[in-house]
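Scroll down for the structure; my scribbles are underneath it.
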Amino acid sequence: MELPMELRAAVEKEADKAGLSRLAAQAQALSRRYREESGQGRRLLTSETEAVAYAAARMPATFGAAAAALRYAAEALPDFRPASLLDVGAGTGAAAWAADAVFHPETVTCLEREPAMRQVGRRLMQAGSPALRAARWEAGDLLGGPLPVRAELVTAAYVLNELTAEDRRKAIRRLWDAAQGMLLLAEPGTPAGSAVLRMAREQLLEEGARIAAPCPGGGPCPMEGEDWCHFSCRVARSRLHRRLKGGEAPYEDEKYAYLALCRPALLAEKAAGGERVLRHPQAAKGRVVLTLCTGAGLEKRTVARRDAAAFRQARGAKCGDLLRLCPPEE
């Protein structure tokens with residue numbers, strides 16, 4: 001997964017103006033701050049240099065996770081063509097760029113409380129599509145009252161984990177109220193990030209939402225004990241990205257968790273089903289062993305070569321994919 005070439009060039013232009021050594025120090029400080037202070041409701045970033053450092057260091061991974069999640073959601077809702085996008089807690093716009101790449105909305109609104117993030121995000125979007133160039137950047141956050149607009153697609157990436165536990169339920173309600181079609185939530189692929197999405201899942205299912213992805217069914221989450229639902233996307237690292245993060249590897253693996261919820265009219269009952277691959281498939285001679293989440297719960301399944309159609313699916317699958325190894329029940 002790579003940033004769009006236009007976005008990468010725009011980030012590098014901003015980084016050149018800020019100065020590499022200054023950005024490297026800011027990136028390390030921000031990483032420590034987000035790691036130690038998220039979830040306490042504090043402001044973690046205020047200056048434009050910090051916003052540029054954030055864009056250079058974090059946008060590739062956030063874009064990759066959001067784009068992967070949105071593609072899985074689009075697979076579940078092949079006829080969904082949202083004309084409007086609202087990106088809440090937009091930061092410098094990574095999730096909006098991802099939504100633009102997957103769904104090509106006609107109008108884009110970004111809601112972000114930090115002026116520095118808005119300024120940098122607005123400049124970066126001038127390198128994007130007509131919808132991104134014309135995007136409205138609104139000041140505000142999830143806790144300041146009802147959201148200023150509604151949209152067919154609402155995204156909130158790496159937002160809920162920054163709130164205190166008591167504020168999350170209110171924030172989830174406001175996000176869902178603003179979503180006319182689908183709400184896409186993405187969080188770090190950690191036990192804490194997965195727990196945040198489980199809470200959102202339970203709350204919104206009670207209010208009539210349907211799950212487009214990743215869950216094949218709409219019943220209670222089958223994950224138990226110390227296991228948690230998460231996936232991974234491989235993110236290409238530019239020279240700038242490697243220098244800021246102090247590594248030489250040409251890529252990094254971003255672990256993320258996500259939840260795509262939609263209005264009932266968008267997802268008919270018979271459209272649900274299939275099996276979500278939860279772990280990297282294990283291939284052996286003449287068979288593939290899969291760890292699956294199904295509508296009936298978790299399952300480890302061995303697919304043999306003699307089942308040609310299922311074997312072709314299993315052999316080409318990766319963690320996160322939705323398979324249909326068995327015909328749906330009538």
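Of all residues being in a helix (DSSP H, G or I) and open to solvent by 10 Å² or more (accessible area, probe 1.4 Å) in region 147-165, which is modelled with the highest pLDDT? Just the residue, please. In this case the residue turns out to be Asn161.
Looking across region 108-119, just one residue is aliphatic (A, V, I, L, M), modelled with pLDDT of 95 or more and under 22 Å from Glu50 (Cα atoms), and that is Leu111.
Quick check: anything in region 76-83 of a type in the set (Lys, Arg) and closer than 23 Å to Cys215 by Cα? Checking region 76-83: at least one residue is of a type in the set (Lys, Arg) and closer than 23 Å to Cys215 by Cα. Across region 68-83, the number of residues qualifying as in a helix (DSSP H, G or I) and open to solvent by 10 Å² or more (accessible area, probe 1.4 Å) comes to 6.
With the requirement that a residue be open to solvent by less than 40 Å² (accessible area, probe 1.4 Å), under 20 Å from Phe231 (Cα atoms) and in a helix (DSSP H, G or I), what does region 293-325 give you? Result: Ala314, single match.
Among the residues of region 166-185, those identified as open to solvent by 10 Å² or more (accessible area, probe 1.4 Å), out of contact with any helix residue (DSSP H, G or I) (no Cβ under 8 Å at 6 or more places or on another chain) and in contact (Cβ under 8 Å) with a residue 24 or more places away in the chain are Asp167, Lys170, Arg174, Asp177, Gln180. With the condition kept exactly as written, say whether any residue in region 280-292 is modelled with pLDDT of 90 or more, in a loop (DSSP other than H, G, I, E, B) and either closer than 27 Å to Pro220 by Cβ or open to solvent by 60 Å² or more (accessible area, probe 1.4 Å) (or both). For region 280-292, residues modelled with pLDDT of 90 or more, in a loop (DSSP other than H, G, I, E, B) and either closer than 27 Å to Pro220 by Cβ or open to solvent by 60 Å² or more (accessible area, probe 1.4 Å) (or both): present. Scanning region 199-222 for residues that are part of a helix (DSSP H, G or I) and more than 25 Å from Arg324 (Cβ to Cβ) yields Met199, Ala200, Glu202, Gln203, Leu204, Glu206. Annotation note: of Ala25, Ala55, Ala65, the sole residue that is more than 19 Å from the chain's Cα centre (by Cα) and either modelled with pLDDT under 85 or surrounded by 15 or more Cβ atoms within 10 Å (Cβ to Cβ) (or both) is Ala25.
Taking each residue of region 92-107 that is in a helix (DSSP H, G or I) and looking for partners that are surrounded by fewer than 24 Cβ atoms within 10 Å (Cβ to Cβ) and charged (D, E, K, R) with beta-carbon atoms closer than 6 Å, six or more apart or interchain, yields Val102/Arg71. Contact annotation: residue pairs with Cβ atoms under 9 Å, 6 or more positions apart or on different chains, pairing a residue in region 293-319 that is at negative phi and among the small types (Gly, Ala, Ser) with a partner that is surrounded by 14 or more Cβ atoms within 10 Å (Cβ to Cβ) and in a helix (DSSP H, G or I), are Ala304/Ala310; Ala304/Phe311.
Tallying residues that are among the hydrophobic types (A, V, I, L, M, F, W, C) and either more than 21 Å from Ala95 (Cα to Cα) or open to solvent by 20 Å² or more (accessible area, probe 1.4 Å) (or both) within region 252-267 yields 3.
The values are calculated or read from the model by the stated rules, or taken from the named source; none is laboratory data. Fair warning: this is a prediction, and the values are worked out from it, not measured in the lab. Don't worry about glycine lacking a Cβ; one is built from the backbone with ideal geometry, like all the others, and counts go over all protein chains shown. Keep in mind that these areas ignore ligands, DNA and RNA; they rest on the heavy atoms of the full protein, side chains included. Shrake-Rupley method; radii C 1.70, N 1.55, O 1.52, S 1.80 Å.
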